[in-house]
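Read the structure below first, then the notes.
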Amino acid sequence: NAGVTQTPKFRVLKTGQSMTLLCAQDMNHEYMYWYRQDPGMGLRLIHYSVGEGTTAKGEVPDGYNVSRLKKQNFLLGLESAAPSQTSVYFCASSYGTRQGTVYGYTFGSGTRLTVV
Amino acid sequence: AQSVTQLDSHVSVSEGTPVLLRCNYSSSYSPSLFWYVQHPNKGLQLLLKYTSAATLVKGINGFEAEFKKSETSFHLTKPSAHMSDAAEYFCVVSSISGGYNKLIFGAGTRLAVHP
């Protein structure tokens, strides 16, 4: 089925460990996003990409890095995990902006990360 | 700057009764607005979208929302709740900023449906 696929679905890390979350989409979307979801705070944008080879910071980028080497993939890295990064992470993708048209996002099913 | 306020963090209704989830937005120009739904341990699914066409927007699963510019509101309604509607709902405003399509999420409203 077409959509956004996130791996892994669950992960437990120790403080200071590193890991990479993978997001893949097969809809030929130009834009991709990483969000974190915490109780009572909705979704907050970590980083985003408007095309292959480009990335930019969102609202809460500290402690994360991203890469978009291929159009269909968007990787989120944690170099040194901290307990404050315990969260559910969602990847999303969308078409780019065309003549002011706003497109909705397609979301993955999330990665539940616990840092102990 | 754009922002979204969901007025209720929790709403509880009985099956078969109407649903009303309230959302107010702030925007310096005519916004695009969305409602997303998230079922437990699932990703977010688009319910409906307003993009300056008809002010009453119909979505999936019998939901609809009305854009009221004078009240800066975009409330989500459904005439008759089903048990399967129990989920968390997010009101979202979109802006085109810095050349990209940025979504700003409300804090969410958790809908409980009782038999």
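Whether any residue in the range A:89-106 is of a type outside the set (A, V, I, L, M, F, W, C) and at pLDDT 95 or above is what I want to check.
Let us first name the residues in the range A:89-106 that are of a type outside the set (A, V, I, L, M, F, W, C), namely A:89, A:93-101, A:103-106.
Adding the requirement that they be at pLDDT 95 or above leaves A:89.
Yes, some residue in the range A:89-106 is of a type outside the set (A, V, I, L, M, F, W, C) and at pLDDT 95 or above.
In the range B:56-115, what residues are of a type in the set (Val, Ile, Thr) and either in contact with a strand residue (DSSP E or B) (Cβ under 7 Å, 6 or more places away or on another chain) or more than 17 Å from B:SER30 (Cα to Cα) (or both)?
Within the range B:56-115, B:VAL57, B:ILE60, B:THR72, B:THR77, B:VAL92, B:VAL93, B:ILE104, B:THR109, B:VAL113 meet the criteria.
What number goes with the only condition from (1) more than 13 Å from chain B (Cβ to nearest Cβ); (2) surrounded by fewer than 17 Cβ atoms within 10 Å (Cβ to Cβ) that A:ASP38 does not pass?
With respect to (1) more than 13 Å from chain B (Cβ to nearest Cβ); (2) surrounded by fewer than 17 Cβ atoms within 10 Å (Cβ to Cβ), A:ASP38 is out only on (1).
Report, by residue number, each residue of the range A:20-39 that is over 18 Å from B:LEU103 (Cβ atoms) and assigned to a loop (DSSP other than H, G, I, E, B).
Correct list: A:ASP26, A:ASN28, A:PRO39.
Name the strands (runs of 3 or more DSSP E) wholly inside the range A:52-113 in which the number of residues that are within 11 Å of chain B (Cβ to nearest Cβ) and surrounded by 16 or more Cβ atoms within 10 Å (Cβ to Cβ) is 3 or more.
Counting at least 3 such residues, we get A:87-94.
Inside the range B:28-69, can you point out the residues that are assigned to a strand (DSSP E or B), more than 9 Å from chain A (Cβ to nearest Cβ) and open to solvent by 70 Å² or more (accessible area, probe 1.4 Å)? Show your work before the answer.
The initial filter retains those residues of the range B:28-69 that are assigned to a strand (DSSP E or B), namely B:32-38, B:44-50, B:56-58, B:64-68.
If we keep only those that are more than 9 Å from chain A (Cβ to nearest Cβ) too, we end up with B:33, B:35, B:37, B:47-48, B:50, B:56-58, B:64-68.
Across the range B:28-69, the qualifying residues are B:LEU56, B:LYS58, B:GLU66, B:LYS68.
If I filter the range A:6-19 down to residues being part of a strand (DSSP E or B) and loosely packed, with under 14 Cβ neighbours inside 10 Å, which single residue comes out as nearest to the chain's Cα centre (by Cα)?
Restricting to residues being part of a strand (DSSP E or B) and loosely packed, with under 14 Cβ neighbours inside 10 Å, the top hit is A:THR7.
The values are calculated or read from the model by the stated rules, or taken from the named source; none is laboratory data. Since this is a predicted model, take the numbers as computed values, not measurements. When we count neighbours, we look across all protein chains shown, and the Cβ atoms used for this are built from the backbone with ideal geometry, even at glycine. Quick note on the areas: whole protein, heavy atoms, side chains included, nothing else; ligands and nucleic acids left out. Shrake-Rupley method; radii C 1.70, N 1.55, O 1.52, S 1.80 Å.
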